[in-house]
Amino acid sequence: MLEIRNLTKRFGDFEAVRDVSISVPDGAFLVLLGPSGCGKTTLLRMLAGLELPSAGQIVFDGKPVSDGDRNWTVDPARRNSGLVFQSYALWPHMSVRGNVDWPLKVMKMPKADRTRRVAEVLKLLDISQLADRYPNEISGGQQQRVAIARTIAPKPSVLLFDEPLSNLDAKLRVEMRTELMRLHRATGATTVYVTHDQIEAMTMATHVAVMNHGRVQQFGTPADLVDHPETAFVATFIGTPPNNMVPIVRNGTGYKVGGRYMPVTPPADDCLAMYRAEAMTLSDSEGETTLPMELVETSAIAGRMMVTGLRDGLRLTAIVERAPEARIGDTVQFCLPQRPDSWFGPDGERIG
Amino acid sequence: MAQAAMGGQGRRVLFQQGTVLKAVVLALLVALIVLPLIRTVMFTLHPDTVKAWSDVLTGRLSKNLFYKPLGNTLLIGVVVATACVLLGGFLAWLVVMTNVPFRKTIGVMATLPFMIPSFAAALAWGSLFRNDRVGGQVGWLQGLGLDIPDWLAWGMVPTLIVLTLHYFSLAFTIIAAALATVNSDLVEAAQIAGAKGRRILMGIILPVTTPALVAAGSLCFAGAVSNFATPALLGLPVRMQTLSTRLFGMIEVGQVGRGYVIGILLVLISGAFLWAGNRIVSGRRSYATITGKGGRAKRFDLRGARWPLCAVAAVVLLSSTVIPVIVLTASSLAPSSANLFSNWTLHYWMGQSDPSFAQGIPGIAYNEDIVRALTVTLGLGLAVAFTGMFVGLLASYTTARFREGWASAAITQISFLPLLVPGIAFGAAYIAYLGAPIGPFPALYGTFALLVIAGTAYLLPFSVQTGRAVIQQVGGELEESARITGASFGRRLFAITVPLAIRGLAAGGILIFVKIVRDLSLVVLLFTPTMPVLSVLAYRYASEGFGQFANAITVVILFISIAATLIANRLQTKSQPWLQN
Ligand SMILES: Nc1ncnc2c1ncn2[C@@H]1O[C@H](COP(=O)(O)OP(=O)(O)O)[C@@H](O)[C@H]1O
Ligand SMILES: [Mg+2]
């Protein structure tokens, strides 16, 4: 069990992480997902023991390892965790082999075991042939593998990754994603993985914590997040393409949806209605629930078309079978389904 | 997971992380930099000495004590700063943006004058241009039969020329760095938009480099107004005073209070200009970072002007580097500077004492004073290099590792404070600070320790800067990833930090060594006959009319500085197996 209880981190007056509580079972793959600057790295560094929490506890397997309330912490090296830094942090004056070997040396592992273990992890990550090169003599993807090899060599039971794929190009990223999942199965280590890329989160995680402004917006399985977003932020952050969020305002006796009167029955006077992209359609003529939008983008996705329209700052995306006749810049009628998928209050909380 | 928290002995974190370290560093910096300055001010406010303020500012003598030197100082500052920006900017433009022949050579040569102490150039000027106005030997040109007018031999004009030829190199470095960030894409975009040479210069290049021009101007101004050696050697014999020579004179004759007041005013003036320059620059947006990296594929084609412009650059560069060195060397060998290139003798270098020659002063190899000064100077350079790098590393580690909080901001600000204080004023402050006993501590005047402490404090801006570069190389995640493995502090230090940092540290230490070895303005007031240093001896010999000895000593200083600089450059660029690309 990895448990985080009411964890808070302040830098001066600024709260980088606010009152975070999460718990996952052994062997879980927990992804911390959120936009840049939301406190993911700070949370990860507290897990690694590099930062002391300002309040709250971190508990590995029933044993507290950090306690911000008592200013008490277990040394990073004593937590049996390993961290892969975003910059990789390979020691530039040591060869690939040296980088992987040194932590084992520090652990006082006997020489023969060390040699065996180094060979084993280099093979696991498919970089045996690079053993004698220096970090600046290998590519970014290879450096990434070395950083991972170095971290898993001491067999930590908690593995921490800080945006490990963000410096790689798109194709390599997809390959490494598969590779990391294979690695997770092979080591069985509880993994905490930080990313701002929701696709990574959805494909790799057993548990996802979506963060914004230092808070956990929602914690659950990837399917939970898609099927049942708790906040408007989660609803628009998750999914490809993202969900549509349309503001609704009460005006007299009726409701204006995205600027037009429509027959809806929202649970509150001012709120947001969420429509899934695959529930939207295009229509040739104006109808009861259509919104005229300027066509700004079309692109083919898995045999279907993704169509995006824009008007007055409102952006709508629909997934349809066939591209519209209209050209970019023309006006297209986006047809909303009769009932929205979910309702959110003006503060972003789900209300129905 | 079962063993996750095994051996999980935690520890209590008693203080906020870094509190102790910050407190120690802050106390050290306050003791080294803030207290001397405060003590100087306090001294002038003491009831016995407070009259010095009115003497200097409003008294009967104030015109001679302060206002005339002030006028000279400001004139020097404005003219030298303007000339340096023009000259340095011109050379930077040639090197970075045009296809002038020998671009690389010009680029390297233009950084050299700043490596040569300014008193070397002033001495060389004397050996060439002295006339018989103040007696003593005449210079080479007068010896050739030319009649050198007074204005060219002494006073303001030669001071301006020598200082410009010294400080333009600083302006060059700053402006060239800024020009190098003007991406060729930027210029090409303007060309595509239809702009021609002049428009591109005025519309694109100049606005983008304005912050650098202002920075270069204010740094050259601050350097020129606080320079001591050049006005002292070329101006004092004809009673031209600047604030720094006045300060020196006041303290020499024992009018310490007035000296300190002048020193404080000098600090305010040079500080005000640096501050103003900084304000102008930081008020603007910095453009330099907006552009990505881009090779400069195309250079501005000078066509027919290539060789003439190259010749102009050559004249400037030769007269600021090669000619002074040749003149100094020749004059240390020639019995008469009127005949620089004949009757050469090694007497001034290794002659025994001979009553018929130079009043019996032996050559510098047998001159006990000079040999002692050499030992003291080298020892001082080494000691300051060590202490400076130590304090610099400590301060920059503290601010890099614990960024937040007012204490870190204070450490950064204080460590750069000496940049605002001219060397001679800093020296004066240290006399006020440690010249008399403080509590149980004895007075340090005349001791090696005083020189080391003052030198360390004075050069702290450079050592902190070097320390920062080193910390950036090794600090942060590289060190943390070693910490996570459980390696102890000592082990991390020797396996990770030192191997990565050693070259940077050595190079930084050598640069500090060079700065202190060739410094005159800081040590000229701290000098005592029991603790002589080379640069002050050279200055004394020169002002007593023994130009050859002064020049020989200066050649030694030059040799040490150049050798050390070359070693430092090599260390910085020398290939490391893990840096090869
Ligand atoms: N050492 C620090 N001192 C002050 N502020 C910090 C420090 N580390 C992070 N922050 C701030 O905390 C916030 C969260 O940072 P971080 O955890 O790095 O975000 P993320 O990794 O999600 O991009 C940012 O606004 C950052 O500026
Ligand atoms: Mg981050």
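For peptide A:60-67, how many partner chain Cβ atoms fall within 10 Å of a residue's Cβ, on average?
4
Taking a ≥ b ≥ c as the square roots of the Cα gyration tensor eigenvalues, with a/c under 1.5 meaning rounded and otherwise prolate when a/b beats b/c, else oblate, which class fits chain B?
Oblate is the answer for chain B, as a/c is 1.5 or above yet b/c matches or exceeds a/b.
What size of dipole, in debye to the nearest 20, comes out for the range A:241-351 about its Cα centre when the only charges are +1 on Lys and Arg C-beta atoms and -1 on Asp and Glu C-beta atoms?
In total the dipole reaches around 100 debye.
What is the fewest-to-most order of B:378, B:526 by other Cβ atoms lying within 10 Å of their Cβ?
Least to most surrounded, the residues fall as B:378, B:526.
When every alpha-carbon pair in the range A:241-351 is counted, what percent end up more than 20 Å apart?
When every Cα pair of the range A:241-351 is considered, 37 percent fall beyond 20 Å.
Between A:220, A:102, A:202, whose Cα lies farthest towards the positive end of the dipole of the range A:2-236 when Lys and Arg beta carbons carry +1 and Asp and Glu beta carbons carry -1, centred on the Cα centre?
Value computed over the given set: A:102.
Could you work out the mean count of beta carbons from other protein chains within 10 Å of each residue's beta carbon in A:40-50?
That average works out to 1.
Highest first, please rank the peptides A:160-172, B:506-518, B:78-90 by the mean number of other Cβ atoms sitting within 10 Å of their residues.
Ranking, from highest mean packing down: B:506-518, B:78-90, A:160-172.
So how far, in whole Å, is the C-alpha centre of the range B:487-559 from the one of the range B:380-438?
Cα centroid of the range B:487-559 versus Cα centroid of the range B:380-438: 17 Å apart.
Can you compute the helix-only [θ] at 222 nm over chain A? Use -39500 (n - 2.57) per DSSP H run of at least 4 residues, normalise by all residues, nearest 500 deg cm²/dmol.
-7000 deg cm²/dmol
Quick one: order B:50, B:452 by neighbouring beta-carbon count within 10 Å, fewest to most.
Going from sparsest to densest Cβ surroundings: B:50, B:452.
Past the 24 Å Cα-Cα mark, which pairs from A:108/A:155; B:68/B:515; A:9/A:155; A:63/A:155?
Beyond 24 Å: B:68/B:515; A:9/A:155.
Is there a quick way to get the dipole size of the protein assembly as shown? I mean about its Cα centre, with the Cβ of Lys and Arg at +1 and of Asp and Glu at -1; what is the value in debye to the nearest 20?
My answer is approximately 1700 debye.
Given the range A:2-236, what percent of its DSSP beta bridges are antiparallel, to the nearest 5?
Of those bridges, close to 55 percent are antiparallel.
Could you give me D for the range A:288-352, from Stokes-Einstein at 20 °C and 1.002 mPa s, where the hydrodynamic radius is the Kirkwood radius over C-alpha pairs? Units µm² s⁻¹, please.
In µm²/s, the coefficient is 163.
Hey, can you list the DSSP H helices of chain A whose Cα span along the axis is 15 Å or longer and whose average Kyte-Doolittle score is at least -1.0? Before the final figure, lay out the partial values.
Values: long enough: A:96-106 (16 Å, -0.17); A:111-124 (20 Å, -0.67); A:140-152 (18 Å, -0.32); A:170-187 (26 Å, -0.58).
Helix filter hits for chain A: A:96-106, A:111-124, A:140-152, A:170-187.
How do A:45, B:198, A:79, A:18 rank when sorted from fewest to most other Cβ atoms within 10 Å of their own Cβ?
Numbers: A:45 22, B:198 8, A:79 28, A:18 19.
The order, fewest Cβ neighbours first, is B:198, A:18, A:45, A:79.
222 nm [θ] for chain B, helices only, -39500 (n - 2.57) per DSSP H run of 4+, per residue, to 500?
Computed mean residue ellipticity for chain B: -20000 deg cm²/dmol.
Over all distinct alpha-carbon pairs, what is the Kirkwood Rh of the range A:172-267 in angstrom?
15.9
If one puts a single equal scatterer on every Cα of the protein assembly as shown and applies the Debye formula without solvent, what log₁₀ I(q)/I(0) results at q = 0.06, 0.07, 0.10 Å⁻¹?
-0.61, -0.79, -1.20
Return the inverse of the average 1/r over all pairs of distinct C-alpha atoms in the range B:419-503, which is the Kirkwood hydrodynamic radius, in Å to one decimal.
15.8
Kindly provide the Kirkwood hydrodynamic radius of the range A:1-58 in Å, to one decimal, from all pairs of distinct alpha carbon atoms.
Hydrodynamic radius (Kirkwood, Cα pairs) of the range A:1-58 is 11.7 Å.
Jot down the radius of gyration and Dmax of the range A:2-236, Cα atoms only, both in angstrom.
17.8, 56
Can you name the helices of chain B, as whole DSSP H runs, whose Cα span along the helix axis is 18 Å or more and whose Kyte-Doolittle mean is not below 1.0? Walk me through the numbers on the way to the answer.
On the way: long enough: B:68-97 (42 Å, 1.87); B:156-180 (35 Å, 1.94); B:206-226 (29 Å, 1.49); B:256-283 (39 Å, 1.35); B:368-401 (49 Å, 1.10); B:460-474 (21 Å, 0.47); B:498-517 (28 Å, 1.95); B:547-573 (38 Å, 1.30).
Helices meeting the criterion: B:68-97, B:156-180, B:206-226, B:256-283, B:368-401, B:498-517, B:547-573.
Across the residues of A:94-107, average count of Cβ atoms on other protein chains within 10 Å?
On the way: counts 4, 2, 0, 0, 1, 1, 0, 0, 7, 6, 1, 4, 9, 3.
Across the residues of A:94-107, the mean count of other-chain Cβ atoms within 10 Å is 3.
Considering the dipole of chain B built from charges on the beta carbon (Lys and Arg +1, Asp and Glu -1) around the Cα centre, which of B:229, B:313, B:537 is farthest to its positive end?
Result: B:313.
Report D for the range A:211-283 in µm² per second (integer): Stokes-Einstein, Kirkwood Rh on Cα pairs, 10 °C, 1.306 mPa s.
115
Taking a Cβ-Cβ separation under 4.7 Å as the criterion for a possible partner, which cysteines of chain B have none?
B:310
Starting at the first residue of the range B:228-238, write each ³J(HN,Hα) from the Karplus equation 6.51 cos²θ - 1.76 cosθ + 1.60 with θ = phi - 60°, in whole Hz, x for Gly and Pro.
9, 4, 5, x, 5, 7, 9, x, 4, x, 10
Only the coordinates and a few stated rules stand behind these numbers; no lab work does. None of these values were measured; they are calculated from a predicted model. Quick reminder, even Gly has a Cβ in these numbers, built from the backbone with ideal geometry, and neighbours come from all protein chains shown.
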